Amino acid sequence: LFRSVPAPRRRPFRLALGVLAAACAGVVVTGLGWLVVQSGSGATDDTAGGSAADKSAVRPGNPSAGQEAALVFGTPRYLACARLVAEGTVTAAEPVPGAARHRITLRVTRAHVPGGGTGPTTTFVLDDGLARLAPGDRVLVGVLRDRPTADTVITGDRNIATARTWITASLPESRTLTCD
């Protein structure tokens, strides 16, 4: 007359819980990996081939203390305080005697700061510790007004395009700011 009802099985619940835990662990590991890559040397593989310069985005370390702490490349404040932000192709890289620097000549294809006023070529000094450029390298470079050398050099087409987007969005606001 009475049938015994089997106890409900908890196996599907345990399986679902295990899958959920594994997925969460995967997300955490992937996120931490992304953070490590983003806060590393700044180098990213941009393309499958090409020169070493085409595969990296070189950015400065922490800016020096004081007012420059707020100057992050591509922001309106940075652009207001920059004397040069330009894209182009390196045509010459000559060592500076007695210093770990090179004088870089850049054939400008796009000048962001000053707005179109740099001419077909420009020259700047680059610390060897920041980047080593060679003729033919495509770069986007930033030089602050009060610095003798470039503080930001970005290489690789994808990295340059990303930075160009930030710069283009920040330019209108930068024209309303002064560099104090």
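The values are calculated or read from the model by the stated rules, or taken from the named source; none is laboratory data. Being a predicted model, the structure only gives us computed values, none of them experimental. No Cβ is skipped: glycine too gets one built from the backbone with ideal geometry, and neighbour counts run over all protein chains shown.
Does at least one position in region 138-152 carry a residue that is over 21 Å from residue 75 (Cβ atoms) and at pLDDT 90 or above? Looking for residues that are over 21 Å from residue 75 (Cβ atoms) and at pLDDT 90 or above, one finds at least one in region 138-152, hence yes.
Being of a type in the set (Lys, Arg), within 21 Å of residue 156 (Cα to Cα) and in contact (Cβ under 8 Å) with a residue 40 or more places away in the chain is a description that does not apply to residue 103. Just wondering, is there one or more residues in region 101-118 that are part of a loop (DSSP other than H, G, I, E, B), at pLDDT 90 or above, out of contact with any Phe, Trp or Tyr (no Cβ under 8 Å at 6 or more places or on another chain) and farther than 23 Å from residue 76 by Cα? There is no residue in region 101-118 that is part of a loop (DSSP other than H, G, I, E, B), at pLDDT 90 or above, out of contact with any Phe, Trp or Tyr (no Cβ under 8 Å at 6 or more places or on another chain) and farther than 23 Å from residue 76 by Cα. Scanning region 76-94 for residues that are charged (D, E, K, R) and within 16 Å of residue 163 (Cβ to Cβ), we see that the one that is surrounded by the fewest Cβ atoms within 10 Å (Cβ to Cβ) is 77. Summed over region 125-144, the residues that are part of a loop (DSSP other than H, G, I, E, B) and closer than 22 Å to residue 98 by Cα give a count of 8.
Looking at 147, 158, just one residue is touching an Asp or Glu at 6+ places or on another chain (Cβ under 6 Å) and either acidic (Asp, Glu) or not in a strand (DSSP E or B) (or both), and that residue is 158. Scanning region 95-134 for residues that are surrounded by fewer than 18 Cβ atoms within 10 Å (Cβ to Cβ), basic (Lys, Arg) and closer than 14 Å to residue 148 by Cα yields a single hit, 103.
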